[in-house]
Amino acid sequence: MGLRWWEWLADWRVLEVLMTEKFDRILNIILCDLVHNWVGAGTYMFPLNVGYIAAYSKQHDQNLNIELFKFPNDVLGRLSTMKPDVVGFSNYIWNANLNIEIARHLKVLHPECIVVFGGPEARYDEEGIREFLAQNPCCDFFVPFQGERPFVNVLKYLRGEISKEDIDGVFHLDRSTSKVLKGKKLDRIPEPDEIDSPYLTRLLDKFFDTNLIPIVETNRGCPFQCTFCAQGLTSYNRVNYFSMERVTAELEYIASRVSKTPLLHFADANFGIVDRDIEIARYCRELKARVGYPTKVSSNMAKNRPPEKMIEIARLLGDTAMVISLQSLDDLVLKNVKRSNIKLSKFVEIIDHVNEDNGISGTEIILGLPGETLASHMLTIRQLFERKVSYIIAYNALILKGTELDEDRRKGKFKLKTKFRLIDSSFGEYDFPFPEAHNVSGVYLNERAVLEFEEGIRETDTLSESEILSCRAIHWLIQFMWNYRFYYDFLRLVSNLGVNPLDFIIGMTKSRDLQEASDTSELFRNFEYESISEWFDTPEELRRHYQQPEQLAGLKHGEFGKLNGKYIFVALTEFKQGFENYVARCITLFPELEVHRPELMAVLEYDAAAILDTSDLIAGREIADVDVSLPYDVLAWKIGAYSEPLEKFKRESSYVFHMEHQDKAVLERLLRQYHHENKNVTLRKMSEYMPIKKLFLTHRLSDQQSADRDQQLISIQAERAGVGQ
Ligand code: SF4
């Protein structure tokens, strides 16, 4: 196909710049790290990535006017009032199609503008880049890997300092020959401090007026090579560190400006990987004590560090989730994906300490990696339950473009079969100025819609699609009953009575007869239906489906979302009593549990009473107290860390569950922040970003009960410290 008119114009415009305005004209630059913001207000991060590009560019060219954008409508609005010379887009799985659509419009609106794409959502081999550039004529230059130096080279080209063939670190397509042209490959910047701080140069200041979460990078790169991860590419293997002075100066600056969020995120691939990170955690703690920020810090934690270091970091960071990803405990799987994990014993040591300190500890696992079987996946989960890992998050394996796993799939290795799924919250309708530009690709039926999708592994040579599917409800119930704590005490008792919680949950998903006989059959049926129907064989099928008016309306109304979160709140708001009845029925599946039915029922009733009725909260009604009387003192058993048989606590016990005013105020603030017409959306978004304990009522004890509990706690603590009687 010949060049489109705006492509000719783009080349002509560059020529004009070269001939006439070469050196010191102010260049207008827009840099985008976009997110869809159609459904709910997600908790997105500051656009630090493009902030670095802006800071580094300004170091090398004084005559730049650079603006950064996070939200699509903001950039669309700005493009209608200004004439940019260069627009850069950072591509990731959640915004790749959105970027393309905006770039298409940009090329109609400002044909002479140069468009640069970078980021991990791409294949980095020459053929992959050729394909991307050929499919997307709106993209002039493609930057694989670290973007700062290549982007400066694009500016040098625009200034006429170098020729198009000499833009090192950058690829482009000669559209007359379809050949990919590229400059020399560039090394990464070895001393990241060489890049000015986007915070300290105030390039990110405007984002303090939003509810975006500040994000800080203390190092770049990852020494591991997991084949499913873009950071696993050899180009990222060396870890380069920002100086301690730089990191602390950024933390101070953020703390002095932030007002809309208590959160901070470290972008490191392995926070805790060096001893220095303990100092950084200590700095955060001191900062919090001094100015009240950050109250909650998140990061990806290091996988292979001595437990005492990670425990110290968890203690210093306080109210944080110490999630150390394991992905699998199966040696063959780990070998196939080139991953080296922390030893299970060390992992458990960390988890235990964090739990003792009332933190949240846990791990992530992935289903569908090469070599995984149904049995090995179940064994991984079973072992995690045996070790009482308090948070077990399971994901479906995804293929990210440009990763080694992507290459494995193309080569037919492991017989990986994939399907496509819409990404939660990553879709939207936008006021594009030129409908004809939107439909250049012919893939959109709707003139305003943009959808993002992910490619998931649905079959391998060791795992069938139906086996993968059978795990979906299991993962959901783990999330619901165990991770989110809604029926955690019940499952702890199940475990104490000799049944692995996984087996109880499998029983719940398999007992069709019991399900059919209960009020929950519709809940399980709908969950299963959506687990199947959310996957499409091709992106085209997916797009066709979701662009139908009724589907788009459903998306807008929040009917699509991560199934686990969605169905947790469907279960709690529409099926709570039926679900609890069903759990009680499933006790019959295990004779060793059936003989302890009175204990199990007492704990189930206790758990049920502690769950906040969110319909009262949403309707703005008073949160009523809940009274329960039980034949066992479940609270005393819990306070003793479940370590003694519940039988020992057999005594009539009454509890009043209630909600403190300050907790209700926090929930009401979150309700406002995540408000959506669909309450399920509000609740699941809230639950993703708040301590889940906020969805529970607490005990109101009589004075005598309080005194008894205090005495009991003192004895337990003394016993643990070895000073008991
Ligand atoms: S998954 Fe984590 S450890 Fe593995 S390469 Fe990616 S960032 Fe590194």
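Before moving on, here are some points about what is shown:
- In degrees, nearest ten, helix 244-257 long axis to first principal axis of the chain (Cα): 80 degrees
- Within the range 177-312, percent of DSSP bridges classed antiparallel, to nearest 5: 25 percent
- GLU540 paired with LYS562, simple spin-label distance in nm, labels 7 Å along Cα-to-beta-carbon: 3.2 nm
- Relative contact order (percent, whole number), the range 344-411, Cα cutoff 8 Å, 6+ residue spacing: 37 percent
- Once the Cα-Cα distance is subtracted from the 0.36 nm per residue extended length, the VAL291 to ASN304 segment shows a gain of 1.4 nm.
- Put simply, the chain fits an ellipsoid with semi-axes of 48, 28, 25 Å; these come from the alpha carbon gyration tensor as the roots of five times its eigenvalues, largest first.
- Computed magnitude of the charge dipole of the range 22-182 (debye, nearest 20; Cβ of K, R +1, Cβ of D, E -1): 300 debye
- With R₀ fixed at 30 Å, the C-beta to C-beta distance from ARG202 to ARG387 puts the FRET efficiency at about 0.05.
- Ordering LEU635, PRO137, PRO501 by Cα displacement along the dipole of the chain toward the positive end leaves PRO137 in first place; charges were set at the Cβ atoms of Lys, Arg (+1) and Asp, Glu (-1).
- Share antiparallel - DSSP beta bridges, the chain, percent rounded to 5: 45 percent
- For the pair TYR529 and GLU677, a Förster radius of 22 Å applied to the C-beta separation gives a FRET efficiency near 0.40, rounded to the nearest 0.05.
- Dipole of the chain computed with +1 at Lys/Arg Cβ and -1 at Asp/Glu Cβ about the Cα centre; of ILE468, PHE46, HIS675, farthest Cα towards the positive end is PHE46.
- Efficiency of FRET from Cβ geometry, LYS510 and GLU191, R₀ 60 Å, rounded to 0.05: 0.60
- Where only alpha carbons of the range 581-633 are counted, the Rg and the Dmax (Å): 14.4, 44
- Rounded to 10°, Cα long-axis angle of helix 501-510 versus longest principal axis of the chain: 80 degrees
- Length-normalised contact order for the chain - Cα pairs under 8 Å, 6+ apart - percent: 10 percent
- Rounded to the nearest 20 debye, dipole of the chain from Cβ charges on Lys, Arg, Asp, Glu: 920 debye
- Applying both filters, DSSP loop and at most 16 other Cβ atoms within 10 Å, to the trypsin sites (Lys or Arg not before Pro) of the range 503-588 gives LYS562.
- C-alpha long axis of helix 576-586 to longest principal axis of the chain, angle in °: 60 degrees
- The label point for ASP616 and the one for GLN62, both projected 7 Å from the Cα toward the Cβ, are 6.6 nm apart.
- Overall form of the range 252-389 per C-alpha gyration tensor (a/c, 1.5; a/b vs b/c): prolate
- Nitroxide proxy distance, nm - points 7 Å out along Cα→Cβ at ASP74 and ARG276: 3.1 nm
A short reminder: the numbers here are calculations on the coordinates, not readings from a lab. Predicted model only: the values in this text are computed from it and were never measured. Every residue, glycine among them, receives a Cβ derived from its backbone with ideal geometry; neighbour counts consider all protein chains shown.
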